[in-house]
Each structure stands twice: as C-alpha cells, then as structure tokens.
C-alpha cells in the first residue's frame, strides 16, 4: 500500500480552515483586530469634542497685550484647531464607509464595540490625559524667574513648562514604555525648546506666564 503523504493521523480536532480553504487559525489576538468604520467614527467624535473644549478654554484666557500675538491661548487654540480638522477628516471617511449606520439605535453597542479593542482603550486614556493637561494648564499659574548671573540673563520657568513636562513624561512612559528617566529628559528638552521658540522667537506669551 502507498504511504500516506500527509503522515499518520494526528490526535485532536482538524485544523480550522479559512474562506480560501487553507488551514489557518481564525482567532485573533487581543488588540490585533483592525479598526472598523464605527470605531473610527466614535474616535473622531471624541477627538472633535476634546478639540472644541481646548479651543473654548483658549479663547477664555486673558490677553495681556491686547493683540493676537500676545495671547497665551494662541498655541492651544491652533493645536485644538489642528486636532479638529483631523477628527473631521477621520469622521467623514468613517461615514462614507458606513460607520454611521444604526449608530443612534445601538449607541450602547457601539460604545462596547469601541472599548472592546485594546488600542481604542489606549486612545481613550490618551484623550483623558490631554483633557487633564488642558484643565491643569488653565487652573495652575506661576512664573518663576531665575537669574543666571551671565550678562543679566534670566531663565523663565512657568507652570506651562512644568505641567507639560509632567504630562508628556506620563504619556511617553505609558505608550512608549521607555525608562522613566529617559522619558523625563526627552520631555524636559522638548518643553524647554518649544517654550523658548514661542516665548523668545515668536514673542507669544505662554499659559501661566505673566
């Protein structure tokens, strides 16, 4: 008798087969599932709401110099406007792909569908962290001026830099998963560099600056 080319029978159930007929596992690991139009639409709505909130808070900030370029809320407003444009593009694409079908009738199910994916839960955590950042920047205000003793130079360290360094370190630690010291050094360098550009280059007052 000819030998069985596939070898002796194996114990256990036969391998599952996909639509093409080849044996392949059909289960996906958690977080490996691709995004759906409904998930994209829900994400766009969350980002859009956060963007509007940031823009509203930036408009409520006082303007010491009386001009647009001296407004501390200019940078947060532009950031929120950019996020709003991105959210609009994502939401429009999701609607065209059918993400809005039956969403109102099954809003609870859509929320469960969104939070069932690990990447969407990470996105929700990121949005919550950004919301906390905006609230802290609006509530906490101080402006330290430290003389350097070099030709009368004074180093300014405001609440904006402090909160930015703290929040950015947390975000990098959670999502990048690098060592805490490395995240802190990168956050410190980034916040200091950007603050110097807007404060001394563009002459824009930052939130928390006097």
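The values are calculated or read from the model by the stated rules, or taken from the named source; none is laboratory data. Keep in mind the model is a prediction, meaning the values are calculated, not measured. Here Cβ is always computed from backbone atoms with ideal geometry, including for glycine, and neighbour counts include all displayed protein chains.
Kindly list the number of the only condition in (1) more than 18 Å from residue 126 (Cα to Cα); (2) modelled with pLDDT under 85; (3) part of a helix (DSSP H, G or I) that fails for residue 207. With respect to (1) more than 18 Å from residue 126 (Cα to Cα); (2) modelled with pLDDT under 85; (3) part of a helix (DSSP H, G or I), residue 207 is out only on (3).
Of the residues making up region 178-197, those that are within 24 Å of residue 153 (Cβ to Cβ) and touching a helix residue (DSSP H, G or I) at 6+ places or on another chain (Cβ under 7 Å) are 187, 188, 190, 191, 192, 195.
Looking across region 152-176 at every residue that is surrounded by fewer than 19 Cβ atoms within 10 Å (Cβ to Cβ), touching a residue at least 12 places away in the same chain (Cβ under 8 Å) and in a strand (DSSP E or B), the one that is nearest to the chain's Cα centre (by Cα) is identified as 157. Given the options 128, 149, name the one that is without any contact (Cβ under 8 Å) to a residue 12 or more places away in the chain, outside the structural domain of residue 53 (by TED's automatic domain parsing) and assigned to a helix (DSSP H, G or I). Answer to the check: 128.
Would you check if there is a residue in region 62-78 being surrounded by 11 or more Cβ atoms within 10 Å (Cβ to Cβ), under 19 Å from the mean Cα position of the chain (by Cα) and modelled with pLDDT of 80 or more? Yes - at least one qualifying residue is present in region 62-78.
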